[in-house]
Amino acid sequence: MKNTFAIVCLLTLLASCNKGSSGSKAAILPTEPEQSLPEEVKAPAIVLDGSNIQGVYLAKFTTLNPGIVGTIPGSAQFRRIDDRISAYVRLFAGSPDTAHFQNVHSGNRCPTMPEDDKNEDGFIDIKEALAVVGPVIIPLDADLTTQLSGNSLWSKSFPNGSYEYMVDTNFDGLLDDMRDEDENPRDNISKIASDAPFDLAGKVFMVQGVGPEKVLPESIASLPKYKNHQTFPIACGVYIPGPMESGTLYEDVITGPVAPVEETIDQPAPEGADEIQIPGKEEEEPVEDTLDDDTEIEETPTTESQPEVIEII
């Protein structure tokens, strides 16, 4: 009798459970997924030999002080292949026959208006610019290998205001010089620490210099030994990695700034084209020919002669 009663109770309990699960459909709480521990974040390896610098780095120009210089198109480029590194600069629409300082700086952005115009005169002078772009680390002068050996020769623009610069050197020599002892800590050229990694990506390139015919406000500062039109910032860009272009590396060592004249691009206005005026220069009065037939005329070098560079002492 007891066994029969126990079986009846068990069957009743099972029926009740089945009714609850099928009729009321009681909610089943989802179980929390197991949380896996985050993988350990590894710090990037410190590269001191410069092997991280490969390929092309391009800095497209942003015009500085357009109220004085107008628009300055152009770009600067580094190209590293094996043990050679080449620097290229192409600038258009600058001042005619003007020397240009051009340097790679340690900073990572270009000056902007009005944030970096500290004296609020409407212009960015060299002191205001250096506060943003930082000291020079690679001067793009006559000798790319060292910071100081070529700093008396700089590119000079053609009469139409454009110029091209191209110099290459041994990469290890360049890097070693940048890490060498700083002979003059007070100048605007700085070294990098021997135990610090270096990369071209993110570094700032800046061009300076307008023609002396430009009248600059007295509020525009300069640097010791230079006039304000020589150090006036005109263009700036930040290097970013770019795709490799087709072609081969120029194998010969280029000893200094060059500015090859290209047909229809860098040539001065042809003789007699009076309607083409160089910005900033007034039209010159024609000079009457008063020479006799027997007078010797000194020949003027053609555009095929050696490109001109200017020496700054």
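The values are calculated or read from the model by the stated rules, or taken from the named source; none is laboratory data. Since the model is a prediction, treat every value here as computed from it, not as a measurement. Reconstructed Cβ throughout: ideal geometry from the backbone, glycine too, with neighbour counts over all protein chains shown. Accessible surface areas use protein heavy atoms only, side chains included; no ligands, DNA or RNA. Shrake-Rupley method; radii C 1.70, N 1.55, O 1.52, S 1.80 Å.
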| field | Qualifying position, being among the small types (Gly, Ala, Ser), open to solvent by 40 Å² or more (accessible area, probe 1.4 Å) and modelled with pLDDT under 95, among Ser149, Ser155 | value | Ser149
| field | Count of segment 198-213 residues which are on the phi < 0 side of the Ramachandran plot and surrounded by fewer than 16 Cβ atoms within 10 Å (Cβ to Cβ) | value | 4
| Would you call Asp49 under 18 Å from Val167 (Cβ atoms), more than 19 Å from the chain's Cα centre (by Cα) and surrounded by fewer than 18 Cβ atoms within 10 Å (Cβ to Cβ)? | no
| request: Output the number of the condition that Arg84 fails; it satisfies all remaining conditions of (1) in contact with a strand residue (DSSP E or B) (Cβ under 9 Å, 6 or more places away or on another chain); (2) open to solvent by less than 50 Å² (accessible area, probe 1.4 Å). | output: (2)
| field | Selected residue (criterion: surrounded by the fewest Cβ atoms within 10 Å (Cβ to Cβ)) from residues of segment 158-196 that are more than 19 Å from Tyr226 (Cα to Cα) and of a type in the set (Lys, Arg) | value | Arg179
| query | Restricting the search to segment 96-146, which residues are β-branched (Val, Ile, Thr) and either crowded, with 18+ Cβ neighbours inside 10 Å or under 18 Å from Tyr165 (Cβ atoms) (or both)? | reply | Thr98, Val104, Ile124, Ile126, Val132, Val133, Val136, Ile137, Ile138, Thr145, Thr146
| query | Looking at segment 116-170, which of its residues are of a type outside the set (D, E, K, R), over 20 Å from Ile189 (Cβ atoms) and under 19 Å from the mean Cα position of the chain (by Cα)? | reply | Ile124, Ser162, Tyr163, Met166
| request: Would you check if Leu175 is in contact with a strand residue (DSSP E or B) (Cβ under 6 Å, 6 or more places away or on another chain) and of a type outside the set (Ser, Thr, Tyr)? | output: no
